[in-house]
Amino acid sequence: MDISVVIPLLNEEESLQELYDWIAKVMQSNQFLYEVIFIDDGSTDSSWKIIQQLSKKHSQVKGIRFQRNYGKSQALDAGFGAANGDVIITMDADLQDNPEEIPELYNLIVNDDFDLISGWKKKRYDNVLTKNIPSKLFNWAARKTSGLELNDFNCGLKSYKKEVAKAVKVSGEMHRYIPVLAKNEGYTKIGEKVVQHQARKYGETKFGMNRFVNGFLDLITISFLSKFGKRPMHFFGLWGTLMFIMGSTMAFYVGVIKLYRLFNNIPAILVTQNPWFYIALTSMIIGTLMFLAGFLGELIIKTNPQQKHYKIKEKQNL
């Protein structure tokens, strides 16, 4: 099979039929062997019923329905697991991603041997204040942190080699950083393609300011995990040891000064009245806790297999 199109969705009943017809037209005109996998992330409208109808009429359509709304990252992870195509393409279900981009995205992977191609919606039709400006700030911070020179990390339209999509484990809200996750797995041939952005035709945007804030928090998380996710002792153990040594040095200093004053009959306050004693004690406790955190992190990594953080309610034509 040439292409798997993975489409996460939430309450997009109005656009699904039109989206599939558009994808099918592009695939057939380019003679691709393909499948379309819809992942219903807990929709409360008729989205799943429409997916079932499409699946009965078209063998290329497959569906996964979550028990409840788990998030886009979990939906993509389920779609990647079910995909069989040599090239996997992700896109949103709201008709803002243009299926006409699929052939070139496919060719960049197959002919130019890219591991991943990320779409760049250079010209957008979103609200400038609530989405465009925050998106530019977010992408700037992501570039500086990750070292990847991409202009649009969060574009839903991307193409992957099959092995890349299977290797990347997407959880939480890390779908924004799939290129970074791929880079961390050793796939460095990551490119970008300017893609057409469509104005939203149906429904309402799922984007809110809370997602913008969460995006920056996730950026901090993934920056830490990319450096220390597989070796937490290198971070917590190092800083814990330094804190403990610093505290021990201060405690030793306080003790030496106290003994010196006693032996020389110099008036001295009680050790417990010396503020440096409490600073030293606090530093030693924090250092010990950080060291233990690193040790526990190493134990968790070594003993805990990765588990999926979602429950699939049912599957359609899989």
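The values are calculated or read from the model by the stated rules, or taken from the named source; none is laboratory data. All values reported here derive from a predicted model rather than from experimental measurement. As a convention, Cβ positions derive from the backbone with ideal geometry for all residues, glycine included, and neighbour counts pool all protein chains shown. Surface areas here come from the heavy atoms of the whole protein model, side chains and all, with no ligands, DNA or RNA. Shrake-Rupley method; radii C 1.70, N 1.55, O 1.52, S 1.80 Å.
Before moving on, here are some points about what is shown:
- Test for GLN60: is it within 22 Å of the chain's Cα centre (by Cα), at pLDDT 90 or above and farther than 16 Å from ALA182 by Cβ: no
One line per residue, one yes/no per condition, for (1) under 18 Å from LYS72 (Cα atoms); (2) at pLDDT below 80; (3) not in a loop (DSSP other than H, G, I, E, B):
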residue	(1), (2), (3)
ASN151	no, no, no
ALA165	yes, no, yes
VAL170	yes, no, no
TYR177	yes, no, yes
LEU181	yes, no, yes
GLY191	no, no, yes
TYR202	no, yes, no
THR205	yes, yes, no
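- Scan region 43-52 for residues that are at pLDDT 95 or above and open to solvent by 60 Å² or more (accessible area, probe 1.4 Å) and the total you get is 1.
- Residue within region 273-283 that is at pLDDT below 90 and farther than 27 Å from TRP239 by Cα present: yes
- Once region 251-272 is narrowed to residues that are open to solvent by less than 60 Å² (accessible area, probe 1.4 Å) and not aliphatic (A, V, I, L, M), the residue that is nearest to LEU238 (Cα to Cα) is GLY255.
- Taking region 163-177 as the range and being buried (at least 23 other Cβ atoms within 10 Å of the Cβ) and of a type in the set (Ser, Thr, Tyr) as the test, only TYR177 passes.
Rundown of residues vs (1) under 24 Å from GLN196 (Cα atoms); (2) among the β-branched types (Val, Ile, Thr); (3) buried (at least 24 other Cβ atoms within 10 Å of the Cβ); (4) touching a residue at least 24 places away in the same chain (Cβ under 8 Å), yes/no style:
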| position | (1), (2), (3), (4) |
| --- | --- |
| LEU54 | no, no, no, yes |
| LYS57 | no, no, no, no |
| GLY71 | no, no, no, yes |
| ALA82 | no, no, no, yes |
| ASP92 | yes, no, no, yes |
| ASP97 | yes, no, yes, yes |
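- Positions within region 25-50 being in contact with a Ser or Thr (Cβ under 9 Å, 6 or more places away or on another chain) and either closer than 12 Å to LEU318 by Cα or in contact (Cβ under 8 Å) with a residue 60 or more places away in the chain (or both), in sequence order: GLU35, VAL36, ILE37, PHE38
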